[in-house]
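These notes concern the structure reproduced below.
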Amino acid sequence: MNAAAAGYALICFDGLNLLIDQHAIVSLENMVTLRDGDDEVKASEIIEGNACEVHSLTAHLSVANRVDTRCRYIVVLQADKQRFGITADSVQSLLIQDPTLHSLPVCMNISESPIKAYVQIEERIAFCCDVGALWGHINSSESRHECGA
Amino acid sequence: MNAGHNAVLFEFTNGRHAAIGLHEVAELVMSPRLVNVPLAPDYCHSLCIWQDRAIPFVELAPLIGQRTLKKISLALVVTYFAQSNGEQRWGALGLSTYFRMMSVSDDAACLLPQDSPAWPSIAHSCFQLVDENVPILNLNALFEQRLQLIP
């Protein structure tokens, strides 16, 4: 697979490292601010005046029943015309300019999956995630088989 | 190692065995480092980090519709040449117990087990070992295609 041309952000939650095109990130919100004291963040949250759904995902990319308020951030993503947020423990720019993307082995490649490739970053593996496909996955019945968070 | 050994036999679930060619074995890794791959099929749910490579980690039991009853704590790293381009590749088979080397001759050939329709897709031959039909895995088929899970 060709080296990536665009910049990437490394988004971590539930032990999973996702690599997302930085252009797809609309904003990064601090969960503490949104929590506003004692009320738990609802799955539908107003962020900067723009209403968008917020979800917590598990390491298996299943949608948790409730937003995980232990996460520090909400990353607001833009997928085509749809804007949505996912909670994250950490978000950082990938310092490597042109990471080498490796295709997933054929035996574990699923056509509907938003993950098609991975990058080795020192000791870590980060999975490249297409935001449009992630939004499609979040809205599919397949993503809601597990409970969590 | 006995000079006559040409196969490696391993148990993939209670009392069930499969084999690969001895020349296909690269290394046995204890406590392999695995990274879960989201949405990957149950039988190959992880990448195994081996010698700075991330290689697919496969468990046979779920693939043929059986449960993995023992804890998988070993990775048998195997190597094969991709049929598509002749490139050397590596994969890992999850094991719960050590493998053993053995000699297999052509006169032990038999039919594949009938307990799973997956066998013809992932095994290229089979031999009789006491009262068990032991499939010999086709590693290219196992790692280089997306297989249907048997419910």
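Brief remarks follow.
- Total accessible surface hidden between A and B, rounded to 100 Å², 1.4 Å probe: 1700 Å²
- Heavy atoms of B:Arg100 accessible to a 1.4 Å probe, total area in Å² rounded to 10: 130 Å²
- Orientation-averaged projected area, Cα convex hull of chain B (nm²): 9.3 nm²
- Point-to-point label distance, B:Glu87-A:Ile110, nm (Cα→Cβ direction, 7 Å offset): 2.4 nm
- Cβ-based charge dipole, the protein assembly as shown, positive-most Cα from B:Gly65, B:Met101, B:Ile55: B:Met101
- Nitroxide proxy distance, nm - points 7 Å out along Cα→Cβ at B:Asp131 and A:Arg72: 6.1 nm
The values are calculated or read from the model by the stated rules, or taken from the named source; none is laboratory data. Here the structure is a predicted model, which means the values were calculated and not measured. Note that we place each Cβ from the backbone using ideal geometry, even for glycine, and neighbour counts take in every protein chain shown. All accessible areas refer to the heavy atoms of the entire protein, side chains included, with ligands and DNA or RNA removed. Shrake-Rupley method; radii C 1.70, N 1.55, O 1.52, S 1.80 Å.
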